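The block underneath contains the structure these notes are about, expressed in structure tokens.
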Amino acid sequence: MQKTYFSYILSVLLIGGEAYAKDAERIQDVIFSSTGFNIEADTEARNVVVVTKEEIVSKGYQNIEQAFSNMMGITFTDKGGGASIDLRGQGDRANSAVKVMVDGVSLNALDLAHGATPLKAIDLESVERIEIIPGGGSVLYGNGTRGGVINVITKKGFRDSVNFALKGGMYERKKGYGGEVALGVSKNIGDILNIQGSINASERNKYRDDSHENGLYTSLKTRIQFSEQQSLQVSYDHYSLDYLEANTLTLQEALDNPKQKGSKPMSEGFMSYNLTAANYENQVNDLLTLNALAFWKNARSTGFREENIGGTLKGRIAYAEGSYFIAGYDYSHQDAKRTITTHFMKDTHSVFALEKHRFNSLFSLLMGTRYEFANYSGKQTSSGVLNYDFDDKTTSNYAIEVTPTFSYSDTGNVYLKYERGYLSPGPSNFINKSEQSVYYVNNLKDEVYDTYEIGMNDYLLGSEIALSLYWTDTNNEIYWEQAGSIFDHNGFFWSYTNLDKTRRLGAELSLAQSLINQALTLKETLTYIDASVLSGVNKGKKVPMVPQYKATIGVSYAINSFLPYADFSFYGKSTDSGHNPVDPYFLADVGVTYTTKNHFKVSAGVRNLFDERYYSYQNASLDAYTPADGRHYFIEGRYAF
């Protein structure tokens, strides 16, 4: 079955890549995340993936996982505490090795032992576009970017507008339905002030019996445009969620009925997320642009609480056509607590500089460096007894990037990239627990990685093409060894050590064509990853939770006001955290969108059309499985004016 799926996808990919198409101008996207300032996409060498709000709206996505399901190389890992986005094979380290941001503010949790990235805090209705940079970004974004950077950029009000959306969905089970209503308003007041507000409420019964969640987003933004060159935006975003979730199933239970809640107690809980941010930008003159960002973030969930205060000050000097110099300073203070009287803190100071120099129309060179210093503290008490207390842990590290680019035609370029980056531990990683239930502080070091990459972008034979080949070696990769059951506090012990060296070899191919007067759109991607452990206790094994292949095909055809589409995704084999095999699987989504002349749009479709059975979480050693969503249906209507 695996060979059949793969052969089908590969054949369509090749046919699509060779399809005849009329020459067309390439879309000139604006990229922000690669430099921290807006630049034209055709001046950016690296293969940046941009997901626009039009793509999100046209396919009725209801959460970030659905929006990313057909993106090149993106997968999701779940260690039992929620899904994290993975890029380039980070596996069970995805929550610390892929940086996810909203308007430049990181969503990643400080408590890496328990915290998954809170992806549900991203409101798709507020998204303007999503920028994905696979493989690095350590000079601009620092710690935790080995897999890549994902920056969600939200809408900024520049005109009067009202947006209304009503969404519904249904699973194939009794009472398996849910809905969502969203309202957004943007209003200009005079020539300089814009106020933008939105609210989004949802109530959904989920795939598993008795599982449900209720969510609420609210957002308020004020933008002051002092002049064409100078602006200030102040924003507040809130998200809250109450849920009742079915627990893991045994394999036999999952095979008998994946929708059942199972024999284990259900999990009831909540989460909330609040972000207040201010962003000031001033284009002082044609050469100099300054930007300042300050934020306060508060996240809570059942048993956990985290606060993050920070900011970035940076400037860009565009000293020649295609050439610029960027320098800046980052500060972050993170404070995390657990209800079992555990308290962690981390303070981080960073300085960075990045320069791109265009020597001529054929050659440019990008170079950058970053230095980071971090201070940690942690404390835990149980029944009045001090388990551990440390406040003298420090780490420092640096990042380097060198990327020469050769432009061989008006549309094509080839780039070579070297990046040295790092992943600093979370405070909880410094704590080990012995078999005698004694807590002690270890001497964990930063992970350090080196990435070598070659890639190209071009527009050939009517097809946009992007190809990347990469090699990433990581030293001191952090390894978590555990024994006993997490449900038996006294019989559960663990240690964090720098044992492993890993290597990730990969290839990424993306193609896109517009045919028949651009009515027919084809998109194909293929990624391959060989992620292996080279040394340590797991030498010779694969990095867990990393599919060896992912291939996608998307097709849509505009017929008057209708846009039918189909998306296909194939995920290759992998292993779970215990190095047990995970089977490959194939997903298909189909739908149609109808747009009227008076700004009304309605979409409907089916996800997981063939009701493929697979697991979002698996630990075969513990006989624990979480079935992923089976076939389900959606419909939505939206009106904008």
Of the residues that sit in the stretch 86-108 and are surrounded by fewer than 24 Cβ atoms within 10 Å (Cβ to Cβ) and among the acidic types (Asp, Glu), which one is nearest to Asp530 (Cα to Cα)?
Asp92
If we keep just the residues of the stretch 376-405 that are more than 29 Å from Val448 (Cβ to Cβ) and touching a Ser or Thr at 6+ places or on another chain (Cβ under 9 Å), which is modelled with the highest pLDDT?
Thr381
Strands (runs of 3 or more DSSP E) wholly in the stretch 358-432 with at least 3 residues that are β-branched (Val, Ile, Thr) and out of contact with any Leu (no Cβ under 7 Å at 6 or more places or on another chain) - which ones?
385-407
Starting from the stretch 256-279, take each residue that is touching a residue at least 24 places away in the same chain (Cβ under 8 Å) and list its partners that are in a helix (DSSP H, G or I) and small (Gly, Ala, Ser), counting only C-beta distances under 7 angstrom and pairs at least six apart or across chains.
Tyr273/Ala121
Consider Phe226 carefully, then state whether it is farther than 25 Å from Thr117 by Cβ, at pLDDT below 95 and of a type in the set (Phe, Trp, Tyr).
yes
Any idea which residue in the stretch 132-159 is surrounded by the fewest Cβ atoms within 10 Å (Cβ to Cβ), counting only those that are modelled with pLDDT under 90 and either over 20 Å from Glu477 (Cβ atoms) or touching a Phe, Trp or Tyr at 6+ places or on another chain (Cβ under 7 Å) (or both)?
Arg159
I'm trying to understand the selection: among the residues of the stretch 438-453, which are within 23 Å of the chain's Cα centre (by Cα) and either surrounded by fewer than 18 Cβ atoms within 10 Å (Cβ to Cβ) or under 16 Å from Asn47 (Cα atoms) (or both)?
Asp450, Thr451, Tyr452, Glu453
Looking only at the stretch 47-80, and only at residues there that are touching an Asp or Glu at 6+ places or on another chain (Cβ under 9 Å) and on the phi > 0 side of the Ramachandran plot, the one that is modelled with the highest pLDDT
Gly73
With at pLDDT below 85 and farther than 26 Å from Met345 by Cβ as the only criterion, which of Ala512, Ala466, Ala507, Ala483 stands out?
Ala483
Cross-chain or 6+ apart pairs with Cβ under 7 Å, the stretch 64-83 first and closer than 18 Å to Val149 by Cα and touching a residue at least 12 places away in the same chain (Cβ under 8 Å), then of a type in the set (Gly, Ala, Ser) and assigned to a loop (DSSP other than H, G, I, E, B)
Ala83/Ala116
Note on the stretch 93-132: residues within 29 Å of Val181 (Cα to Cα), hydroxyl-bearing (Ser, Thr, Tyr) and not in a loop (DSSP other than H, G, I, E, B) are Ser106, Ser126
In the stretch 222-255, how many residues are without any contact (Cβ under 8 Å) to a residue 12 or more places away in the chain and hydrophobic (A, V, I, L, M, F, W, C)?
1
From the options Ala566, Ala551, Ala558, Ala519, residue that is buried (at least 22 other Cβ atoms within 10 Å of the Cβ) and of a type in the set (A, V, I, L, M, F, W, C):
Ala551
Does Glu213 satisfy the condition of being touching a residue at least 12 places away in the same chain (Cβ under 8 Å), touching a helix residue (DSSP H, G or I) at 6+ places or on another chain (Cβ under 9 Å), part of a strand (DSSP E or B) and closer than 18 Å to Pro118 by Cα?
yes
Consider the stretch 229-246. How many of its residues are part of a loop (DSSP other than H, G, I, E, B) and buried (at least 16 other Cβ atoms within 10 Å of the Cβ)?
1
Starting from residues that are surrounded by 17 or more Cβ atoms within 10 Å (Cβ to Cβ) and among the aliphatic types (A, V, I, L, M), keep the ones in the stretch 295-342 and report whichever is nearest to the chain's Cα centre (by Cα).
Ala299
In the stretch 586-623, the residues that are crowded, with 20+ Cβ neighbours inside 10 Å and over 20 Å from Tyr549 (Cβ atoms)
Gly591, Thr593, Ser603, Gly605, Arg607, Tyr617
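The values are calculated or read from the model by the stated rules, or taken from the named source; none is laboratory data. Keep in mind the model is a prediction, meaning the values are calculated, not measured. For neighbour counting, all protein chains shown are included, and Cβ atoms are generated from backbone atoms with ideal geometry for every residue, glycine included.
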